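Participant: The structure follows.
The values are calculated or read from the model by the stated rules, or taken from the named source; none is laboratory data. Only a predicted model underlies this, so the values are computations on that prediction, with no experimental measurement involved. So basically every Cβ, Gly included, is an ideal-geometry build from the backbone, and we count neighbours across all protein chains shown. Calculation scope for accessible area: heavy atoms of the full protein, side chains included, ligands and nucleic acids excluded. Shrake-Rupley method; radii C 1.70, N 1.55, O 1.52, S 1.80 Å.
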Amino acid sequence: MDILQAIKQRRSIHSFTDEEVPLDRLKEIFTYGSYAPTHYMKEPWQIKLYQEQGKAPFVNKIIESYQRIGMLKTTDDAKTVKMVDSMKNFLLHIPHHALIYYTKEADQVRVEEESAAVSAFIQNAQLAGWELGVGMLWTITPFMHDPGFVQAIGLDEEQHKIAAVLQIGYPKHVPRNKGRTPIEQKLEIIKGDSPPSL
Ligand SMILES: Cc1cc2nc3c(=O)[nH]c(=O)nc-3n(C[C@H](O)[C@H](O)[C@H](O)COP(=O)(O)O)c2cc1C
């Protein structure tokens, strides 16, 4: 597929088959990701890849975080237990969870640059994955902003910023293309030869 087609045809994948993506394939995909532009060649992206037996403790930490921040109750009533079980089950059935983070510098401009480079890395990886038949969902969810969760996965809230968690696997279902707003609606052309509008 050429890159222009991949850009338009890639879809966020919400449901995956149970099949795992071989590690070499994932490394290949992240390697494509790493050709993202990066100011000062910082290459700020770091990846924690949770899979196989590594998923259960990760998912438990997500549940604990949701309980800590009040998104899930801690009671053992049937409704809560069912909700926790179904959330665990859903997350455990995703073949791979790639948590993407970077080290924050003191300078806010650098933090913005790192965040931008990491986003470019993610999109490159998504497009490479798409080309290779591997689907992803780019997620930003509340547990990523919970200092207790950051600490629980071995990172330091002061130093590290979690950028995203990518859910990865072979697509079970590909959503329809929702299209995009015509770019003319987003584009303001300033040629310098017309009077400024008031
Ligand atoms: C920074 C970012 C965060 C996102 N977070 C979520 C998320 O938490 N949950 C989700 O279902 N989709 C998430 N998405 C995916 C968008 O919902 C998706 O890109 C959008 O619906 C367009 O669909 P498409 O990617 O198939 O074109 C996120 C996308 C971006 C760029």
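Participant: For LYS79 and GLU105 in one chain, what is 0.36 nm times their gap in residues minus the Cα-Cα distance, to one decimal in nm?
Facilitator: Between LYS79 and GLU105, full extension yields 5.0 nm more.
Participant: A further question follows. For segment 3-185, what does the relative contact order come out to in percent, with C-alpha contacts under 8 Å and a separation of six or more?
Facilitator: 39 percent
Participant: Another question about this same structure. If I compute solvent accessible area with a 1.4 Å probe over the protein chains, what percent of it on segment 73-198 is carbon and sulfur?
Facilitator: Ligands and nucleic acids excluded, carbon and sulfur give 54 percent.
Participant: Once the piece of chain linking GLN123 and TYR35 is laid out straight, how much longer is it, given 0.36 nm per residue of separation minus the C-alpha distance between them?
Facilitator: Here the segment from GLN123 to TYR35 would lengthen by 30.6 nm.
Participant: For segment 1-52 and segment 70-134, compute the distance between their C-alpha centroids and round to whole Å.
Facilitator: The two parts, judged by their Cα centres, are 13 Å apart.
Participant: Taking only DSSP H segments of four or more residues, each worth -39500 (n - 2.57), what value at 222 nm results for the chain once the sum is divided by all its residues, to the nearest 500 deg cm²/dmol?
Facilitator: The helix-only estimate for the chain comes to -12500 deg cm²/dmol at 222 nm.
Participant: With the other protein chains left in place, how much accessible area per residue, in square angstrom, belongs to segment 55-102 at a 1.4 angstrom probe?
Facilitator: 54 Å²
Participant: Could you tell me the relative contact order of segment 1-97? Use alpha-carbon pairs under 8 Å, at least six residues apart, and round to a whole percent.
Facilitator: Normalised by residue count, the contact order of segment 1-97 is 41 percent.
Participant: Also, quick follow-up: Quick one: if the Förster radius is 35 Å, what FRET efficiency do LEU23 and ILE189 give, using the C-beta to C-beta distance and rounding to 0.05?
Facilitator: 0.15
Participant: Going through the cross-link list LYS27/LYS186; LYS73/LYS178; LYS27/LYS55; LYS48/LYS172; LYS27/LYS104; LYS82/LYS161, which pairs have a Cα-Cα distance over 28 Å in this structure?
Facilitator: Checking Cα-Cα distances, LYS27/LYS186; LYS73/LYS178; LYS82/LYS161 exceed 28 Å.
Participant: Karplus couplings for segment 176-188 from phi (6.51 cos²θ - 1.76 cosθ + 1.60, θ = phi - 60°), rounded to Hz, Gly and Pro as x?
Facilitator: Result, rounded to whole Hz: 5, 6, 7, x, 9, 4, x, 5, 4, 6, 10, 10, 10.
Participant: Continuing with the same structure: Just LYS55, LYS27, LYS186 to compare: in a GNM of the chain, with alpha carbon springs under 10 Å, which one fluctuates most?
Facilitator: LYS186
Participant: Can you give the charge dipole size of segment 3-185 about its Cα centre, rounded to the nearest 20 debye, using +1 on the beta carbon of Lys and Arg and -1 on the beta carbon of Asp and Glu?
Facilitator: Computed about the Cα centre, the dipole is about 700 debye.
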